[in-house]
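Undergrad: Right, I'll just put the structure down here and ask away after.
Coordinate-derived values only; no laboratory data. Predicted model, so just to flag it, every value in this text is computed and none were measured. Cβ placement follows ideal geometry from the backbone for every residue including glycine, while neighbour counts extend to all protein chains displayed.
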Amino acid sequence: MDRTESMAEWGGHGERRVTTFVHGAETDGRLALVALDEVQGHEPPRHLHADEDEVVYVLGGALTFWVGGEARRVGAGACLLLPRGTEHGYAVETGTARLLIVLAPAGCEGFVTAVGPPTDEAGLEHLIATAARHGIAITGPPPTPTGHPRTPPAPDAETISERT
């Protein structure tokens with residue numbers, strides 16, 4: 001299977017490029033390998049995965065990750081484990097960042113290309129429903145870079161999908 005790329009614009013101004021190097025179909029669903037090019041201020045919402053663990057390797061840029069309510073500022077060369085069932089999100093601290101992500105097992109890699117950012121209530125409902133079909137619960141808005149007014153997620157954040 002060939003490498004696939006897609007562009008998803010999050011937040012209306014910046015494009016997020018997604019490159020899938022290894023599709024779940026190539027590994028009988030055992031894993032997928034995806035690269036993300038992120039733009040500051042246009043990160044995905046906080047969320048958790050029901051089925052996949054993520055291993056994130058930072059190829060470039062600086063980010064603050066929130067995993068289970070704990071913040072960790074990282075740069076190129078950092079590697080993080082985002083266990084299934086644990087709320088996580090990140091804020092790009094530099095203009096852009098590039099991430100290499102292993103999803104194990106595979107399954108949610110199609111989510112990133114299946115939906116764009118919510119721009120209204122209908123878009124938010126579509127995002128939540130599409131995420132749920134991929135085993136992902138949206139738990140809140142994306143975190144913001146250090147020093148910005150939005151605060152990191154609370155460790156016991158109620159999921160949006162539980163409120164709807």
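Undergrad: Do any strands (runs of 3 or more DSSP E) lying entirely in segment 29-88 carry at least 1 residues that are under 23 Å from His134 (Cα atoms) and without any contact (Cβ under 8 Å) to a residue 40 or more places away in the chain, and which ones are they?
TA: Because the criterion is at least 1 residues that are under 23 Å from His134 (Cα atoms) and without any contact (Cβ under 8 Å) to a residue 40 or more places away in the chain, the strands (runs of 3 or more DSSP E) in segment 29-88 that meet it are 62-67, 79-82.
Undergrad: Going by the structure shown, is Pro83 out of contact with any helix residue (DSSP H, G or I) (no Cβ under 7 Å at 6 or more places or on another chain), under 23 Å from Thr27 (Cβ atoms) and surrounded by fewer than 15 Cβ atoms within 10 Å (Cβ to Cβ)?
TA: Yes: the conditions hold for Pro83.
Undergrad: In segment 92-139, which residues are surrounded by 20 or more Cβ atoms within 10 Å (Cβ to Cβ) and in contact with a Lys or Arg (Cβ under 7 Å, 6 or more places away or on another chain)?
TA: Ala106, Thr139
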